1. How would Y513, Y479, Y433 line up by accessible area, probe 1.4 Å, largest first?
2. May I ask you to order 218-225, 501-508 by the average number of other C-beta atoms within 10 Å around their residues, highest value first?
3. Check A158: other-chain or 5+ apart residues with amide H under 5 Å from its amide H, H built from backbone geometry?
4. Consider a paramagnetic label point 7 Å from the Cα of D446 along Cα→Cβ; state which residues of region 173-192 have an amide N under 18 Å from it.
5. Among C185, M234, G206, pick out the residue whose Cα is farthest towards the positive end of the charge dipole of region 125-247, where Lys and Arg carry +1 and Asp and Glu carry -1 on C-beta, about the Cα centre.
6. Sorted by mean Cβ packing within 10 Å, highest first, what order do the peptides 457-470, 181-194 take?
7. Accessible area of H349, 1.4 Å probe, to the nearest 10 Å²?
8. Which translational diffusion coefficient, to the nearest whole µm²/s, is obtained for region 364-407 from the Stokes-Einstein equation, given a Kirkwood hydrodynamic radius over C-alpha pairs, 4 °C and 1.567 mPa s?
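The values are calculated or read from the model by the stated rules, or taken from the named source; none is laboratory data. Predicted model, so just to flag it, every value in this text is computed and none were measured. Positions of Cβ are generated from backbone atoms using ideal geometry, with glycine treated the same way; all protein chains shown enter the neighbour counts. Heads up: the accessible areas ignore ligands, DNA and RNA and are worked out on the full protein's heavy atoms, side chains in. Shrake-Rupley method; radii C 1.70, N 1.55, O 1.52, S 1.80 Å.
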Amino acid sequence: MQLLHSPSYPHIPFQNQKPQFRKGILVPEKFFQLSTANRSVHSQRHVRPIWAPINQSIFSAISVKAASVEGVSSVSATEATSAVLKALSQIIDPDFGTDIVSCEFVKDLHVNEASGEVSFRLELTTPACPVKDMFEQRANEVVTALPWVKEVNVTMSAQPARPVFAGLLPAGLQTISNIVAVSSCKGGVGKSTIAVNLAYTLAGMGARVGIFDADVYGPSLPTMVSPESRLLEMNAVKKTIIPTEYLGVKLVSFGFAGQGRAIMRGPMVSGVINQLLTTTEWGELDYLVIDMPPGTGDIQLTLCQVVPLTAAVIVTTPQKLAFIDVAKGVRMFSKLKVPCVAVVENMCHFDADGKRYYPFGRGSGSQVIEQFGIPHLFDLPIRPTLSASGDSGTPEVVADPQGEVAQTFQDLGVCVVQQCAKIRQQVSTAVTYDKSIKAIKVKVPDSDEEFLLHPATVRRNDRSAQSVDEWSGEQKLQYTDVPEDIEPEEIRPMGNYAVSITWPDGFSQIAPYDQLQTMERLVDVPQPTLA
């Protein structure tokens, strides 16, 4: 059966959809259990992307049901609730140094002062929280320490997966929180090995994960994993693709389409990748890991433009030639406003006779870090088992979850979770409208500068075809066409580079951060208006 809506693309057969889909194979229990070292306090985690100040609204956002019993006044119940929240505010989020009450992690708070019973739920933004056990333990401790509390019931949960800008995505991607590209721009450096093991590490941390193998010319996923069903299925009713699964991770690769490697020109490959990625029923995912093909051409640009990549992980080896190619990829991601959050230097060293040897030299990964300011570097040894596990169809982190390589991937997974959280938080709060002072606040990601813009100024500086003639450059939108008291109705993030602003006349303006930084800024800030 050929891919939908692509008559010019090659015919790709799919299995007919079965009445009941096979559920993912359960991962061995030991794979999902993190060691004590993996749950150490220094681990970082994904936090809520939108922050709220501590004010009276925090109490209205929490469902509080204090018992109304004889001898206990409503004031006492309120005081008891305040005491619980104050105790919980001692628990500080390790990523941003903000307490869990401010982050609005505390939900469904019920207080019965008469019986001394307190129950609440801590809702995290990802199940892959390395310090969730610490949160639960500390919450029990600080609330139990209140003199009138006799019993504490804490439950843990996670929010549904959702991207920061769901409305701007294809339907198949609207329930994916983070899309992480693993790229090298050079073949043979172990990029697919890093991508697969990173994905299964995140799954081991409790996240819902998928892998998209974007290398149509040489797909690696069918060799590196061993799903029971090795052919993609088609939902004939919805005209969508059903991913296959292995150990609970959803998988899509051209290698599972029944044709092995592709022999076709670049534009056709871009179309196939686009359709495989956007018409797949991924479901709710916390992380979709994309195994990028080598190079910086049409396919890479298509991927970066079709989907809003949250972040990229760069893979290199110690050789100088690897650094040259990797540098091209870093520059490509920089131009496309995709943050590179980590560098993995593969095949660095091996140990023998009590010594560590570096057969290919040293410094490629460090050079990437120093030249491009990427915050984290991880190195992997030359290990026969790492290569063998990829060839056997069982990722190394699954085959040996307590080994040295698995620990390195655990650190990489924690880094990815942490950095994606920071990026989402920055993107969510980069451009906001403060109604009290009638000004647009701008704080561009990776910048410490914050400034204010007049809404009318932003609207008048629209550079779309509706405001500026594309051929002559003549300004079609006149100064007087925009009322001075205009206010935006909605501001939504659009990738990592711009926001979409909806105005009262129905016009949706795309405002890149670079353009906002060049606009005339508000100096005399108006006083807040009283409601």
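1. Largest accessible area first, the list is Y479, Y433, Y513.
2. Details: 218-225: 20.8, 501-508: 14.0.
Per-residue Cβ counts within 10 Å, averaged per peptide and sorted highest first, yield 218-225, 501-508.
3. Residues meeting the criterion, in which the H sits 1.01 Å from N, are L124.
4. Residues 179-185 qualify, since their backbone N sits under 18 Å from the label point.
5. C185
6. Packing order, densest peptide first, comes out as 181-194, 457-470.
7. Surface accessible to solvent at H349 totals approximately 10 Å².
8. On the way: Rh = 12.1 Å.
Translational D for this selection: 108 µm²/s.
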